[in-house]
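**Q** One structure, pasted below without further comment.
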């Protein structure tokens, strides 16, 4: 949570400076929300567990436009936990996502761009079904950085397609234990016949390939906002036919100026992320999917 607050304060300061310098060229919007899920049982014959879940979210868009120049920025943060019965608090949502794109208009609705993106998480994550004491992820384990030049087609304010045929990607697993295990697609450590590590794994994997990003955001009905973002990446250096997929979709239904209902989904496919069966034997890559629906208090400023 401390990391989340620090990031929010830094971004707020940057926004204030931008607004002071060139107000008329910036379009800035912040959205902060606190979402709740709760259930309570007392002498309930059908059974059930008391549940309390809380998720904090912060989203900032800061877009600059002047003549042929545009600079778009998106910061998306989320952190949530749930208490189920007498169990330990379990993480239900965790995201750091920052996307920044500079574009120069070369033709009407077409821009030459440089796109940068960063993704990671704030807190440690656990496999609660097996072991809630040994973490399987944390801040910058993994972390992903992309940067590359490209072309963007933006026919209107609701839709854009960005294609970058020369994108550098760095996968970072800043934890020796996770890196040595070959987590998140890294090459694992080298062991001798006695299971002793001869050479530790590298914590950074460099990739080079093509990236496409499609973004659509629209008010489909009054007080119902729909947004979706699809990212595709092909690594020229390692099985380019295997396309990494990250598809995020959200619907926000506004009950009034401060109360809303959020539905969010995320689908991920990464051929390098290998899953294991119950015996610990590798079974290959799998499509990852999560969905959550929450009611909460939100403000836009």
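**Q** Condition first: part of a loop (DSSP other than H, G, I, E, B) and crowded, with 17+ Cβ neighbours inside 10 Å. Can you find one or more residues in the range 104-122 that meet it?
**A** Checked against the condition, which is being part of a loop (DSSP other than H, G, I, E, B) and crowded, with 17+ Cβ neighbours inside 10 Å, the range 104-122 yields at least one hit.
**Q** A follow-up question, please. Would a scan of the range 181-190 turn up a residue that is within 20 Å of the chain's Cα centre (by Cα), in a strand (DSSP E or B) and buried (at least 16 other Cβ atoms within 10 Å of the Cβ)?
**A** Looking through the range 181-190, none of the residues is within 20 Å of the chain's Cα centre (by Cα), in a strand (DSSP E or B) and buried (at least 16 other Cβ atoms within 10 Å of the Cβ).
**Q** Considering 229, 217, 205, which residue is touching a helix residue (DSSP H, G or I) at 6+ places or on another chain (Cβ under 9 Å) and not in a loop (DSSP other than H, G, I, E, B)?
**A** One residue alone meets the criteria, 205.
**Q** In the range 59-89, how many are within 24 Å of the chain's Cα centre (by Cα), more than 23 Å from residue 127 (Cβ to Cβ), surrounded by fewer than 20 Cβ atoms within 10 Å (Cβ to Cβ) and in contact (Cβ under 8 Å) with a residue 40 or more places away in the chain?
**A** The qualifying residues number 2.
**Q** Collect the residues in the range 156-177 that are farther than 23 Å from residue 233 by Cα, touching a strand residue (DSSP E or B) at 6+ places or on another chain (Cβ under 9 Å) and either at pLDDT below 95 or surrounded by fewer than 14 Cβ atoms within 10 Å (Cβ to Cβ) (or both), keeping them in residue-number order. First the steps, then the outcome.
**A** Looking only at the range 156-177, we keep the residues that are farther than 23 Å from residue 233 by Cα, and these are 156-157, 175-177.
So of that shortlist, the ones also touching a strand residue (DSSP E or B) at 6+ places or on another chain (Cβ under 9 Å) come out as 157, 175.
Scanning the range 156-177 gives a single hit, 157.
**Q** I'd like the residue in the range 277-294 that is surrounded by 15 or more Cβ atoms within 10 Å (Cβ to Cβ) and outside any loop (DSSP other than H, G, I, E, B) and, out of all such residues, is farthest from the chain's Cα centre (by Cα). Let's see the steps before the verdict.
**A** Just the residues of the range 277-294 that are surrounded by 15 or more Cβ atoms within 10 Å (Cβ to Cβ), to begin with: 285, 292, 294.
The next check asks that each one be outside any loop (DSSP other than H, G, I, E, B); those that pass are 292, 294.
Details: 292: 14, 294: 18 Å.
Here the answer is 294.
**Q** Sticking with this one: Which residue, of 239, 262, is touching a residue at least 60 places away in the same chain (Cβ under 8 Å) and either over 24 Å from residue 164 (Cβ atoms) or exposed (fewer than 15 other Cβ atoms within 10 Å of the Cβ) (or both)?
**A** Of the residues listed, the single one that is touching a residue at least 60 places away in the same chain (Cβ under 8 Å) and either over 24 Å from residue 164 (Cβ atoms) or exposed (fewer than 15 other Cβ atoms within 10 Å of the Cβ) (or both) is 262.
**Q** Continuing with this model, one more query. Limited to the range 110-127, what total is found for residues that are within 20 Å of residue 83 (Cβ to Cβ), in contact (Cβ under 8 Å) with a residue 40 or more places away in the chain and out of contact with any helix residue (DSSP H, G or I) (no Cβ under 7 Å at 6 or more places or on another chain)?
**A** Total meeting the criteria: 1.
**Q** Turning to a different aspect of this structure: From the list 268, 274, exactly one residue is under 30 Å from residue 168 (Cα atoms), in contact (Cβ under 8 Å) with a residue 12 or more places away in the chain and surrounded by 16 or more Cβ atoms within 10 Å (Cβ to Cβ). Which is it?
**A** Numbers: 274 fails: surrounded by 16 or more Cβ atoms within 10 Å (Cβ to Cβ).
The match here is 268.
**Q** Let me ask you something else. Only one of (1) exposed (fewer than 12 other Cβ atoms within 10 Å of the Cβ); (2) farther than 24 Å from residue 36 by Cα; (3) touching a residue at least 12 places away in the same chain (Cβ under 8 Å) fails for residue 234. Which number is that?
**A** (1)
The values are calculated or read from the model by the stated rules, or taken from the named source; none is laboratory data. For clarity, every value in this text was computed on a predicted model and none was experimentally measured. FYI the Cβ positions are ideal-geometry reconstructions off the backbone, even for glycines, and counts take in every protein chain you see.
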